[in-house]
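Here's the structure, in structure tokens; my notes come after.
Only the coordinates and a few stated rules stand behind these numbers; no lab work does. These figures come from a predicted structure and were not determined experimentally. Cβ atoms come from the backbone with ideal geometry, glycine included; neighbour counts cover every protein chain shown.
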Amino acid sequence: MQRLEISNKADIDTSLPLISIIGRPNVGKSTLFNRLIGKRRAITDPTPGVTRDPIPERWLLGNHPVTLVDSGGIKVDKDRMDDLVAQKSLSLLDQSDVIVFMMDVTDVTLEDQELVKALRPYTDKVVLAVNKIDDVKREDLIWNYYNFGYQRVVGLSAEHGLGIEELEDTLLGMLDLERADEPPEEGETMKLAILGKPNTGKSTLTNLLTGRDVSIVSDIAGTTRDVMRATFTYKGNDYTVLDTAGIRRRSKVEEDVEYYSVNRAIKSIDEADVVFLMVDVKEGLSDQDKKIAQLIVRRGKGIIIVLNKIDLLKGVGNELEAVKDRVRFLFPILSFAPIVPIAAINGDEVGQLLDTAMKVWKQLNRRVDTAQVNDCLRAWCEAYEPPRGASGHYKVLYGTQVSVTPVRFLFFVNRIKDFPEGYVNYLKNCIRKDLGFSSIPVEISLRERRRNPSLNERGPEKKEIEIARTIRSGESKAPKAKGISRKPGGKARIGKQRERAEKIVRDSRSKRGR
């Protein structure tokens with residue numbers, strides 16, 4: 001078994017200043033988080049306790065990169081899940097350089113009082129953000145919150161964006177930063193999204209890769225709701241891993257929160273370079289896994305089928321190979337996708353998984369010269385000619401690669417109508433075999449070669465009009481252009497001009513009923 005060896009393990013980029021948003025449920029933490037980073041990263045819903053895992057995001061504060069973290073709401077009356085969420089949120093206090101403690105201007109609850117006590121040792125790095133100052137009448141209520149002993153109190157409305165600039169100025173001052181004119185350049189990193197059904201081990205794999213408890217791991221289905229993001233380095237390459245919510249069939253999704261979670265998980269496909277489709281080796285590939293895979297292939301992303309929990313196999317000979325064969329048989333559309341068996345709980349073969357991801361990523365960024373494409377195309381067409389249609393043989397004239405990530409090829413054909421789909425699949429297989437794209441989806445577009453426009457489309461030339469006039473006037477011979485007949489091809493050109501002129505005369509007479 002190959003064990004994982006990762007350096008620079010980190011669930012949150014601790015090389016950047018860390019700003020955490022702390023508060024009770026439904027106080028507006030996720031709304032403020034989304035407002036500051038400028039996108040809907042965290043799920044917002046009236047249901048208490050929507051956010052569970054801390055959600056880190058790289059944020060430019062005055063064009064300075066920092067790490068902003070949205071945390072789960074902390075409750076007084078806790079069940080098993082609430083206690084896990086509270087532990088994760090409170091663990092941020094020691095790591096944070098700045099703590100944004102959020103309270104609601106309309107109400108102070110027992111949870112608020114408990115948090116005030118918990119934050120006493122961290123008073124020097126706390127800014128109290130009093131939320132929901134939505135109108136002028138509530139502005140005077142901010143003074144009541146100075147009684148909690150914090151020297152930095154900011155009133156704001158996360159929903160409407162009021163007071164955000166004052167909060168940013170306060171954060172810059174606490175971090176001893178000034179606004180910069182230009183943002184810094186960002187380095188390249190490979191993005192890995194982990195998708196699959198609930199309880200297939202997605203969060204376990206994420207925590208293993210990062211070396212930290214990024215996501216809460218529980219046997220409760222649907223524990224992960226937001227898309228969790230973390231970074232790590234493996235063999236000198238930087239990776240960002242996206243842990244997503246388990247995707248169930250639409251008929252099984254009952255809560256609005258889970259609906260948003262599934263949508264975020266699906267949208268993470270667009271952000272990723274390579275997707276790990278996690279499959280429980282005991283359950284095999286399900287219909288829901290097939291639907292997820294189809295979404296990934298349509299978007300042209302790299303996909304690796306990860307057979308997790310191989311440690312639970314009974315050890316029967318060829319048992320794992322039988323599982324792989326069944327996956328290939330049930331889903332031939334993923335015949336190109338690598339299959340990597342792992343045991344995420346103890347790290348078996350996860351190194352091989354990352355090596356395979358790098359191989360897939362390199363193929364996604366591979367570009368082939370047009371000359372090489374057409375040399376291969378001639379050989380493919382000689383080995384297997386395009387079939388004949390009702391109007392004659394189909395022909396593939398030439399082609400070129402038009403993009404990477406996703407990999408797309410454009411082929412010009414003589415007729416695009418009813419072009420055989422089977423021959424397009426043949427070309428895809430040839431591209432994978434001969435051009436170095438064996439492990440990724442390949443897309444082919446067809447375009448019909450433009451022919452020379454007809455006489456009616458381009459209109460008669462000046463010389464043809466002159467000849468037509470001569471024919472109409474009854475003259476036997478058309479005037480000759482000086483020197484044309486002595487040039488190579490000159491006589492043929494004059495003949496074609498006369499033929500077109502005669503066609504003009506015939507068409508004009510037919511229109512007049514002659």
Given 0.36 nm per residue, what is the gain on full extension from residue 168 to residue 288 after removing their alpha carbon distance, in nm? 38.8 nm
Describe numerically, in nm with one decimal, the distance between label points set 7 Å from Cα along Cα→Cβ at residue 369 and at residue 355. 3.2 nm
Extending each Cα 7 Å along its Cβ direction at residue 143 and residue 426, get the distance between those two points in nm, one decimal. 8.5 nm
Per the C-alpha gyration tensor (a ≥ b ≥ c, the square roots of its eigenvalues), the stretch 264-361 is rounded if a/c is under 1.5, else prolate if a/b beats b/c, else oblate; here it's prolate
Hey, got a sec? Which GluC sites (Glu not before Pro) in the stretch 104-188 land in a DSSP loop and have at most 10 other Cβ atoms within 10 Å? 178, 185, 186, 188
For the stretch 108-171, what is the relative contact order in percent, using Cα pairs closer than 8 Å and at least 6 residues apart in sequence? 31 percent
Based on the mean of other beta carbon atoms within 10 Å per residue, what is the order of 441-449, 308-316, 407-415, 62-70, most packed first? 62-70, 407-415, 441-449, 308-316
Once the mean 1/r over all distinct Cα pairs of the stretch 140-194 is inverted, what Kirkwood radius in angstroms do you read off? 14.7 Å
Counting only DSSP beta bridges with both residues in the stretch 83-158, what percent are antiparallel, rounded to the nearest 5? 10 percent
Enumerate the amide H contacts of residue 342 below 5 Å, restricted to partners 5 or more residues apart or on another chain; note that Pro and chain-start residues carry no placed amide H. 307, 308, 309, 310
Size of electric dipole in the stretch 295-387: Cβ of Lys, Arg +1 and of Asp, Glu -1, about Cα centre, debye, nearest 20: 400 debye
Cβ-Cβ FRET estimate between residue 181 and residue 233, R0 fixed at 41 Å, reported to 0.05: 0.85
Column: log10 I(q)/I(0), Debye, Cα scatterers of the stretch 344-414, q = 0.15, 0.21 Å⁻¹: -0.67, -0.93
Pairs 291/417; 314/433; 359/428: which exceed 27 Å Cα-Cα? 291/417; 314/433
Residue 322 to residue 412: extension gain in nm, 0.36 nm per residue of separation minus the Cα-Cα distance? 28.2 nm
Taking the Cα centre of the stretch 383-454 as the origin, how large is its charge dipole in debye, to the nearest 20, when only Lys and Arg (+1) and Asp and Glu (-1) carry charge on their Cβ atoms? 240 debye
What nm distance separates the two modelled labels at residue 124 and residue 446, each placed 7 Å from Cα along Cα→Cβ? 7.2 nm
Would you work out if the stretch 92-187 is rounded, prolate or oblate? Take a ≥ b ≥ c from the square roots of the eigenvalues of the alpha-carbon gyration tensor; rounded if a/c is under 1.5, else prolate when a/b is larger than b/c, oblate otherwise. oblate
Sites matching trypsin sites (Lys or Arg not before Pro) across the stretch 123-173 that sit in DSSP coil, with at most 15 neighbouring C-beta atoms within 10 Å: none
